[in-house]
Structures are given as C-alpha cells and as structure tokens.
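The values are calculated or read from the model by the stated rules, or taken from the named source; none is laboratory data. Fair warning: this is a prediction, and the values are worked out from it, not measured in the lab. Cβ: placed from backbone, ideal geometry, glycine included. Neighbour counts: every protein chain shown.
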Amino acid sequence: MRNAKAAAKELLLGGRYPEILSRLGEKRKTVRVLRSLLYEDEPLVKWRAVTMFGWLAREKPKLIDSEVDRLIWSLNDEAGSIGRGAPETLGEIVRNNARLGRDGGKIVAHYIEDPETCRPPNRNPEILIGVLWAIGRMGERRPDDVEDVLAAVGNFCDDPDPNVRGHAVWALGRILRPGSGEFVRCRTGDPGRVLVYEDGELRACTVGELAREALLKQKQTGESGA
C-alpha cells in the first residue's frame, strides 16, 4: 500500500492520470489508494486525486461505481466524521458522468445550506470550500442543476474568510447565470488572498481578480449569445 501510494502521488503530481491504472492496476485496491490521497496534507496531491476520480468517472466508471455511495455516506452525520475531499470529488464525478453521480450532485449542492458544517458557529471551512468548488464545477456543465442554491452561494461572497468568499465568487463565475453579477460586482476591489484549484493547478490570486474575471466572462458570454 505504501509503495502504491508513493507511486500514485508521483504520477498525480506529474499529471499522468492514465499511467496510474497501467502502473497500479485497474482494480479496487488502486481506487482505495486514490481515496486515501483525498486526505493528503499536500494540497496539490489531494486536488489531483479529485481530478483523477473525475477521469475515472468518464473513462472507467465501473471501477468507481461504489464510490459515489461511499462519498455520500461520508457526508452523513451518521458516518461519524465528515469526509475530507468528499464534496469536491462528488462534484467532479457528477461533472464527468452525471448518470454515475446519481443524486450526489444534488446532495452536495444543498449541503451549502447545512447548518452544522456550512454555517456558523460550528462550520467546517474546508468542507464549505469543497462544496462551493463542486457547485462551480457541476454548474459550469449543468447550470440548471444548481440554480436553486445560487442565492446561497452569492451570500458567501460577503464571508469574512477570503478563501470562502473567493470560492463563492469563483463558482458564480463558472456558472454565469443572470443575477449572479450582483454578488460578484461588489468584490472587484477585494484584496483578500485565495488559493483556488482550476485547470489542474493551484492558483494563488485575490478575490478581486476572480471577480473581475467572472464579470468579463459573463460579458463575453452575453455578447456571443446576442
């Protein structure tokens, strides 16, 4: 397991996703190794593992058909602990294979309204950021599926934590629905620092940069659809 985990980390950091199966084998044990990497302290390894689950959902769905229920269960209070990496992994699976993801997308999207982990005083910022990221990823492909939680996402644009409000802005910028610009526009001068995962890389920027990019993208989309 240790050698397999080290090999998987090396391949993920190199962005060599298909090689993971050829090196470690197309088997459930490999999926367990990838699942363990969702708990990695090294952020890029964890996020690349999320990407790998999306790749598997698209290319080898049968290999992870039981993972969706496992991830959903980890978000359940009865599981005893909140599953680290579960919201973003579910979001990436749903983005790449909605049929495989089943109800996982709706569960993740509505988790943003959960009073225990996404609302003060006992909220879990890591899970909240994962939920926001997942909403952005799913909504970019299927905006109608997250339509009814967009107001809740917008409210987090005023959050005191720059990572939270930055991910809220980022998510709305991905979904590009009418009215979302109202939440984003007030953050264009926000100097708060945020670390966001996009296009396979971790990007350090300001909330204001994300807001300006979201508004520009919205304008360009509107012009192209005019």
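Counting just the residues of the range 169-192 that are modelled with pLDDT of 95 or more and touching a Ser or Thr at 6+ places or on another chain (Cβ under 6 Å), which one comes out surrounded by the most Cβ atoms within 10 Å (Cβ to Cβ)?
Going through the qualifying residues, I end up with Leu172.
Quick check: is even one residue across the range 30-40 in contact with a Ser or Thr (Cβ under 8 Å, 6 or more places away or on another chain) and assigned to a helix (DSSP H, G or I)?
yes
How many residues are among the charged types (D, E, K, R) and either at pLDDT 90 or above or not assigned by TED's automatic domain parsing to the domain that holds Val196 (or both) when one looks only at the range 107-139?
2
Can you name the number of the only condition in (1) under 21 Å from Ser74 (Cα atoms); (2) surrounded by 15 or more Cβ atoms within 10 Å (Cβ to Cβ); (3) modelled with pLDDT under 90; (4) not aromatic (Phe, Trp, Tyr) that Asp145 fails?
That leaves (1) as the condition not met.
Tell me yes or no: at least one residue of the range 84-104 is without any contact (Cβ under 8 Å) to a residue 60 or more places away in the chain and touching a Pro at 6+ places or on another chain (Cβ under 6 Å).
Within the range 84-104 (the criterion being without any contact (Cβ under 8 Å) to a residue 60 or more places away in the chain and touching a Pro at 6+ places or on another chain (Cβ under 6 Å)), the answer is yes, since at least one residue qualifies.
Kindly indicate whether Ser22 is of a type outside the set (A, V, I, L, M), closer than 30 Å to Pro115 by Cβ and over 18 Å from the mean Cα position of the chain (by Cα).
Answer is no for this residue.
Are any of the residues in the range 183-201 in the same structural domain as Ala98 (by TED's automatic domain parsing), of a type outside the set (Val, Ile, Thr) and assigned to a helix (DSSP H, G or I)?
The answer is yes, given that some residue of the range 183-201 is in the same structural domain as Ala98 (by TED's automatic domain parsing), of a type outside the set (Val, Ile, Thr) and assigned to a helix (DSSP H, G or I).
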